[in-house]
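Q: Sharing a structure below in structure tokens format, with a few things to ask.
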Amino acid sequence: MKKLIFLVMAGFLLNSFPAEAQFLQKLSKKAEQAAENAVVRKTEQKVTKKTDEAMDVILDNKEAPEPTSQPKQESPASTSNQSEKTASLPDKTWSKYNFVPGDDVIFEDDLSREENGEFPSRWDLVSGNAENASLGDVKIIRLDNSSIITPLIDKKDYLPEIFTVEFDAFFNDAYSYWQTYIVRFYPGNDTQRKVDENLVVFPLRINKNGASIITRANKEDKKFEKQGPQNPDGTAGWKHIAISYNQRALKVFIDEERILNIPNIELDPQTISIQIEDGQKDHILAIKNIKIAEGGKKLYDRIVADGKFITRGILFDVNKASLKPESMGVINEIAALMKEHADLKFSIEGHTDSDGDDSHNLKLSEQRAIAVKEALTGLGIDSSRMQTKGMGETVPVSDNASPEGKSNNRRVEFVKI
């Protein structure tokens, strides 16, 4: 019926309004092409799903799944155990993720106690407007278009030679390619400070599917850029942005994909700011879970020196033992280490901050240690090389009075045995 009405309208416009009719014809062709593309994408998704199931059977040496018309019967106990195990493992799409956050958190914004409508208490405003808000049941920092904020940190020139920056960025639906998150690196604490005209680093620009940055050395510009398709899925939602800097090397990740890998960038970062650019009306411009951490020695060097290493990059859902997908960077690195050094055995020890009940934290930390062991076992590490222990909040390494202190206390330690 809708198609018939559309054709009648088209015929009327062809005779009465030629210009409008031409526009309508173009619109019709675009709609037909979009429908065809949608069918192709749906078919590809089904084929990919079946292919993945077949590859899982080959790689994991599993029995092939039963047809959906004849589901396999399981006892309630076995179903429950399987669900718990599956919930603790990360998404397969992050299996090659290799971003490893810094060891010591120097800034983390905990928005849970912020009041909506107020300016974020741990930030300074460079320009524009920003305020605390909620998106569903999630606390966010919401910015006006082109507004710029910078972390409020007492220490001058707070970025060390090796550091990581992480935050979650909200991207709107089909028009998110207009939306850009801009991270500026400054050579000092004064955000307006001018730099040598022969050595300029322009802002790092991150959109939904890519990133770019331009550097200038000796008055010559060099651009590093990687962009994907403008709108691969068309859906709104959060993406995890991760940036690592190691003296001269810069890497940028969007979710599980490494977008930029620059081995030698002319950059001397000491402070940063974050800006969102998007002129689209009614778009949500928001960030959350901002964390800056200082890097450190390699894992094996720490084992040799201390007999253990501490990681704060293995993250879990709130009050759960289910691993967040961005944990895969650290877990992949630990798995590679254990494969390279077959003699290594570890006691995996979970730690929490002081929020919540003591007994609950003790049990939760043990469940999280088990989840880490399961993830490493899934990557081919023999389970006999790992023990697990929950320590709860009993062994803090920082003060629980600040977000950074709590973040440093929430950790997983690998103690050599």
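Q: Sort out which residues of the range 232-253 are closer than 15 Å to residue 204 by Cα, touching a residue at least 60 places away in the same chain (Cβ under 8 Å) and not hydroxyl-bearing (Ser, Thr, Tyr), and write them in order of number.
A: Within the range 232-253, 241, 242, 243, 251, 253 meet the criteria.
Q: Scan the range 178-205 and report the pairs whose first residue is aromatic (Phe, Trp, Tyr) and whose second residue is modelled with pLDDT under 50, with Cβ atoms within less than 7 Å and a gap of 6+ or a chain change.
A: Listed pairs, sorted by first residue: 186/193.
Q: To continue, here is another question. For residue 314, state whether it is in the same structural domain as residue 269 (by TED's automatic domain parsing) and at negative phi.
A: Working: in the same structural domain as residue 269 (by TED's automatic domain parsing): no; at negative phi: yes.
No: the conditions fail for residue 314.
This table checks each residue for (1) touching a helix residue (DSSP H, G or I) at 6+ places or on another chain (Cβ under 8 Å); (2) modelled with pLDDT of 95 or more; (3) more than 20 Å from residue 104 (Cβ to Cβ).
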site: 300; (1), (2), (3): yes, no, no
site: 324; (1), (2), (3): no, no, no
site: 338; (1), (2), (3): yes, yes, yes
site: 345; (1), (2), (3): yes, yes, yes
site: 351; (1), (2), (3): yes, yes, no
site: 354; (1), (2), (3): yes, no, no
site: 357; (1), (2), (3): no, no, yes
site: 363; (1), (2), (3): no, yes, yes
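Q: Regarding the range 145-162, can at least one residue be identified that is assigned to a loop (DSSP other than H, G, I, E, B), free of Cβ contacts under 8 Å to residues at least 60 places away in the same chain and under 30 Å from residue 281 (Cβ atoms)?
A: no
Q: I've got another one for you. Out of all the residues in the range 307-343, which are among the charged types (D, E, K, R) and more than 22 Å from residue 358 (Cα to Cα)? Give the derivation first.
A: Keep residues of the range 307-343 that are among the charged types (D, E, K, R), which gives 308, 312, 317, 320, 324, 326, 333, 339-340, 343.
308, 324, 326, 333, 339, 340, 343 - these are the residues of the range 307-343 that are among the charged types (D, E, K, R) and more than 22 Å from residue 358 (Cα to Cα).
Q: Where in the range 241-285 are there strands (runs of 3 or more DSSP E), lying fully within it, with 2 or more residues that are polar (S, T, N, Q) and either crowded, with 20+ Cβ neighbours inside 10 Å or not assigned by TED's automatic domain parsing to the domain that holds residue 147 (or both)? If you could, list the steps in order and put the result at the bottom.
A: On the way: elements: 249-254, 257-262, 271-277.
Output list reads 271-277.
Q: Filter the range 354-379 for residues that are under 23 Å from residue 302 (Cα atoms) and in a loop (DSSP other than H, G, I, E, B) and give the result.
A: Residue satisfying the conditions is 379 alone.
Q: Now for a separate question. Within the range 143-166, how many residues are more than 13 Å from residue 292 (Cα to Cα) and crowded, with 22+ Cβ neighbours inside 10 Å?
A: Here the count works out to 2.
Q: Would you check which residues across the range 367-392 are of a type in the set (D, E, K, R), surrounded by 17 or more Cβ atoms within 10 Å (Cβ to Cβ) and touching a Gly at 6+ places or on another chain (Cβ under 8 Å) and list them? Write out each step before concluding.
A: If we filter the range 367-392 for residues that are of a type in the set (D, E, K, R), which is where we start, we get 368, 373-374, 382, 385, 389.
Imposing the further condition that a residue be surrounded by 17 or more Cβ atoms within 10 Å (Cβ to Cβ) reduces the set to 368, 373-374.
Within the range 367-392, just 368 meets the criteria.
Q: Take residue 389 and decide whether it is in a strand (DSSP E or B) and either touching a Lys or Arg at 6+ places or on another chain (Cβ under 6 Å) or of a type outside the set (A, V, I, L, M) (or both).
A: Criteria met by residue 389.
Q: Can you tell me which residues in the range 189-216 are surrounded by 14 or more Cβ atoms within 10 Å (Cβ to Cβ) and either of a type in the set (Lys, Arg) or at pLDDT below 65 (or both)? Spell out how you get there, then give the answer.
A: Going through the range 189-216, the residues surrounded by 14 or more Cβ atoms within 10 Å (Cβ to Cβ) turn out to be 189, 191, 199-216.
Answer for the range 189-216, where residues must be surrounded by 14 or more Cβ atoms within 10 Å (Cβ to Cβ) and either of a type in the set (Lys, Arg) or at pLDDT below 65 (or both): 189, 191, 199, 200, 201, 205, 208, 216.
Q: Hey, can you tell me all the residues within the range 100-136 that are in a strand (DSSP E or B) and among the polar types (S, T, N, Q)? Spell out how you get there, then give the answer.
A: So in the range 100-136, the residues in a strand (DSSP E or B) come out as 104-108, 123-127, 130-135.
Selection gives 127, 132, 134.
Q: If you don't mind, another one. Being in contact with a Leu (Cβ under 6 Å, 6 or more places away or on another chain) and either of a type in the set (Asp, Glu) or modelled with pLDDT under 95 (or both) is the filter here, so list the residues in the range 237-262 that pass it. Walk me through how you get there before you give the answer.
A: Keep residues of the range 237-262 that are in contact with a Leu (Cβ under 6 Å, 6 or more places away or on another chain), which gives 252, 262.
If the condition is that a residue be in contact with a Leu (Cβ under 6 Å, 6 or more places away or on another chain) and either of a type in the set (Asp, Glu) or modelled with pLDDT under 95 (or both), then 262 is the only one that fits.
Q: State yes or no: is residue 168 under 26 Å from residue 98 (Cβ atoms) and at pLDDT below 80? Talk me through it step by step, then tell me what you get.
A: On the way: under 26 Å from residue 98 (Cβ atoms): yes; at pLDDT below 80: no.
Against the criterion (under 26 Å from residue 98 (Cβ atoms) and at pLDDT below 80), residue 168 does not qualify.
Q: Please work out if residue 97 is under 22 Å from residue 315 (Cβ atoms), assigned to a loop (DSSP other than H, G, I, E, B) and at pLDDT below 95.
A: Working: under 22 Å from residue 315 (Cβ atoms): yes; assigned to a loop (DSSP other than H, G, I, E, B): yes; at pLDDT below 95: yes.
When the stated conditions are applied, residue 97 passes them.
The values are calculated or read from the model by the stated rules, or taken from the named source; none is laboratory data. Not measured: the values here are computed from a predicted model. Positions of Cβ are generated from backbone atoms using ideal geometry, with glycine treated the same way; all protein chains shown enter the neighbour counts.
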